[in-house]
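The values are calculated or read from the model by the stated rules, or taken from the named source; none is laboratory data. What you are looking at is a predicted structure, and each value in this text was computed from that prediction instead of being measured. A quick note on method: Cβ atoms are made from the backbone with ideal geometry, for glycine too, and the neighbour counts reach across all protein chains shown.
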Amino acid sequence: MEKKGPERIDHIGIAVYSIEDALSFYTEQLHLKLVHIENVPSQGVKVAFLEIGESKIELLEPLSEKSPISTFLRKRGEGIHHVALGVKNIQSRIEDLQNNGVKMIHDHPVEGAGGAKVAFLHPTSTKGVLYEFCEKS
């Protein structure tokens, strides 16, 4: 059976201190359409999705100082956090990668924004890039 790669770039995650402060650049300067804003307590973030073609830009604001995004902002400041790849059968993909020696942050999918199932690949296995697998129902 031939293995298929991810279907698309679902979104690019960008860490920001404040969605409220960052939004005007994306909506007024880049003229992107705001799709929605929601809190994702399981990930410790507030997110805003903006449409750009078939993909989205996801702004990530920490909900607390303990949020991984808060840690990222302290270390690196605002900027690109991750690239999310749209996949089907996320659990099978996780197992396949692990069987091939790829380190995962999540062994099983967790709930992400919009009810999607997500799992992050560890950047030590991806040449320093944080990738997220994202399966939407």
Just a yes or no: is a residue in the stretch 66-75 closer than 21 Å to R8 by Cβ and at pLDDT 95 or above?
-> no
Out of the residues in the stretch 49-80 that are of a type in the set (D, E, K, R) and within 17 Å of G115 (Cα to Cα), state the one that is surrounded by the most Cβ atoms within 10 Å (Cβ to Cβ).
-> E58
Output for the stretch 83-98, where each listed residue is small (G, A, S) and either part of a loop (DSSP other than H, G, I, E, B) or buried (at least 17 other Cβ atoms within 10 Å of the Cβ) (or both) = A84, G86
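Yes/no per residue for (1) touching a Lys or Arg at 6+ places or on another chain (Cβ under 8 Å); (2) assigned to a helix (DSSP H, G or I); (3) surrounded by fewer than 19 Cβ atoms within 10 Å (Cβ to Cβ):
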position: I9; (1), (2), (3): no, no, yes
position: Y17; (1), (2), (3): no, no, yes
position: E20; (1), (2), (3): no, yes, yes
position: L23; (1), (2), (3): no, yes, yes
position: Y26; (1), (2), (3): no, yes, no
position: H36; (1), (2), (3): no, no, yes
position: V47; (1), (2), (3): no, no, no
Among what's in the stretch 118-132 and is in a helix (DSSP H, G or I) and of a type in the set (S, T, Y), pick the residue that is surrounded by the fewest Cβ atoms within 10 Å (Cβ to Cβ).
-> T124
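Every residue, every condition in (1) within 17 Å of the chain's Cα centre (by Cα); (2) hydrophobic (A, V, I, L, M, F, W, C); (3) surrounded by 14 or more Cβ atoms within 10 Å (Cβ to Cβ); (4) more than 19 Å from L60 (Cβ to Cβ), yes or no:
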residue: N100; (1), (2), (3), (4): no, no, no, yes
residue: P109; (1), (2), (3), (4): yes, no, yes, no
residue: G112; (1), (2), (3), (4): yes, no, yes, no
residue: A116; (1), (2), (3), (4): yes, yes, yes, no
residue: C134; (1), (2), (3), (4): yes, yes, yes, no
residue: S137; (1), (2), (3), (4): yes, no, no, yes
Among the β-branched types (V, I, T), under 14 Å from G13 (Cα atoms) and touching a residue at least 12 places away in the same chain (Cβ under 8 Å) - does that describe any residue in the stretch 80-103?
-> yes
State all residues of the stretch 76-94 that are of a type in the set (D, E) and modelled with pLDDT under 95; if no residue qualifies, say none.
-> none
Scanning the stretch 49-78 for residues that are of a type in the set (D, E, K, R), part of a loop (DSSP other than H, G, I, E, B) and either touching a residue at least 40 places away in the same chain (Cβ under 8 Å) or under 19 Å from Q29 (Cα atoms) (or both) gives E54, E78
